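The values are calculated or read from the model by the stated rules, or taken from the named source; none is laboratory data. Bear in mind that the values here come from a model prediction, so they are computed numbers and not experimental data. Ideal geometry is used to build each Cβ from the backbone, glycine not excepted, and the neighbour counts take in all protein chains shown.
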Amino acid sequence: MSIRIIPQEQLEKGEARTADHIPPLLFPRLKNIYSRRAARLRQLAEKNPLGDYLRFAAVIASAQEIVLYDHPLQMDLHPRLRESAASGKPPLDIHTLPRSAHWQQLLHSLIAELKPEMSGQALAVLENLEKTSAPELEAMASALFNEDFAQVSSDKAPFIWAALSVYWAQMAALIPGKARAEYGEQRQFCPVCASVPVASVVHMGTQHGGLRYLHCNLCESEWHVVRAKCTNCEQTGNLHYWSLESENAAVKAESCGDCGTYLKMLYQEKDPAVEPVADDLASLVLDARMEQEGFARSSINPFLFPGEG
C-alpha cells in the first residue's frame, strides 16, 4: 500500500479525529532530534574503531541543532499540499520542489558554527564551500538528489546534505495534513520528500510497539512498512537477517535474495537508545560483511556518501 498526505480540509468527516490503527507516517519531531543524535554518536564512538569519524559526525549534528533554532522557517505549505494530494506525488518531492535561499543560509550558518571545531582537511573543505557560489551550491544539491555522486566530492557532501536536511525537516514539520494509507506499492521512497531511508526502526511502546518504520535520510520523517517484506522490492519470500553478535542484537541487516539488497533494522526493545543515523554509521562492519555476501546497500547515510575524493 502507498501512503498519501491529505490536506486537513480534505479529510473525510471524522477522519481527522480518529487515529489509524497503524499510523502510516510519523512527521519529524524537531525538538532535540540533532542533540540526541550527537549524544548517541559520541556514546557509540567510545568503543568503535571508527570513533574519530563518529565524533566528527557528532560535531555536525550538534551544529545542526544550533542552526535549526537560529534560523526558524515560516512557510505556507497549503498550496503545495493540495497540489501534491491531487497528483499523488510527495509534497516535498526533492526532484520537483523549488528550493528557496533558506537552505544556503542554513549552510553558511552551519559552516560558521563548524569552522572553530574543525582542522586540517575538514577545515579546508569548509573554507572552500564558504567561497562556493550560490549556483554551484545549487548544482551540487541537485546532483546529490539525483544520486549523481561523482559530481560532489565525498568530503563536501555531508556538509551540504546537513543543511538540506535541516531545511527539509523544517518543512516536513510544517505540513498541514494527515497521512492516509492507500492501495499501491512503492514504499521504498519517503512519502514526504521521495528521498531514501537511512535505516528502519522497530519501535517499542504502546502506540507503535513492534511496528517497523523507515527513517528518511533527508527530512527525518518515518513511514510504516510491514515486517517480513523487502523494503526495496517488496517481495517476501527470500529474506534473511544478519548480525555480528547474537540473535538478540539491536542492529541487524535484512537482506533480500530477490533484488540483492539489504537495509539495517534497529530494534528499540533490544536497545531503547538506538538512533537510525548514528547506529547505522557505527555498524559499518556489518555493511562490509553484507558486501562480502554479495548484497548491495539500498540506503544512504547522510554522513557517508559515495563519490570522488
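Could you tell me which residue of segment 153-199 is modelled with the lowest pLDDT, considering only residues that are over 17 Å from the mean Cα position of the chain (by Cα) and of a type in the set (Lys, Arg)?
Only one residue fits best here, namely 180.
For residue 264, which of the numbered conditions (1) without any contact (Cβ under 8 Å) to a residue 60 or more places away in the chain; (2) assigned to a strand (DSSP E or B); (3) not hydrophobic (A, V, I, L, M, F, W, C) fails to hold?
Tallying (1) without any contact (Cβ under 8 Å) to a residue 60 or more places away in the chain; (2) assigned to a strand (DSSP E or B); (3) not hydrophobic (A, V, I, L, M, F, W, C), residue 264 fails exactly one: (1).
Quick grid of which residues meet (1) within 23 Å of residue 147 (Cβ to Cβ); (2) surrounded by fewer than 20 Cβ atoms within 10 Å (Cβ to Cβ); (3) assigned by TED's automatic domain parsing to the domain that holds residue 234:
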site	(1), (2), (3)
262	yes, no, yes
271	no, yes, yes
276	yes, no, yes
288	yes, yes, yes
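Quick one: in segment 137-146, which of the residues that are touching a residue at least 40 places away in the same chain (Cβ under 8 Å) and surrounded by fewer than 20 Cβ atoms within 10 Å (Cβ to Cβ) is nearest to residue 92 (Cα to Cα)? Lay out the reasoning, then the answer.
Taking segment 137-146 first, the residues touching a residue at least 40 places away in the same chain (Cβ under 8 Å) are 141, 144-146.
In the following step, the residues that additionally are surrounded by fewer than 20 Cβ atoms within 10 Å (Cβ to Cβ) were identified as 145-146.
Numbers: 145: 12, 146: 15 Å.
Within segment 137-146, the match that is nearest to residue 92 (Cα to Cα) is 145.
Every residue, every condition in (1) surrounded by 20 or more Cβ atoms within 10 Å (Cβ to Cβ); (2) farther than 23 Å from residue 34 by Cα; (3) in the same structural domain as residue 168 (by TED's automatic domain parsing); (4) over 21 Å from the mean Cα position of the chain (by Cα), yes or no:
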site: 213; (1), (2), (3), (4): yes, no, no, no
site: 216; (1), (2), (3), (4): yes, no, no, no
site: 226; (1), (2), (3), (4): no, yes, no, no
site: 231; (1), (2), (3), (4): yes, yes, no, no
site: 234; (1), (2), (3), (4): no, yes, no, no
site: 250; (1), (2), (3), (4): no, no, no, no
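Show the residue pairs that are 6+ apart or on different chains and have beta-carbon atoms under 6 Å apart, the first residue being within segment 80-95 and crowded, with 17+ Cβ neighbours inside 10 Å and in a loop (DSSP other than H, G, I, E, B), the second being of a type in the set (S, T, N, Q) and at pLDDT 90 or above.
Final answer for the pair search is 94/195.
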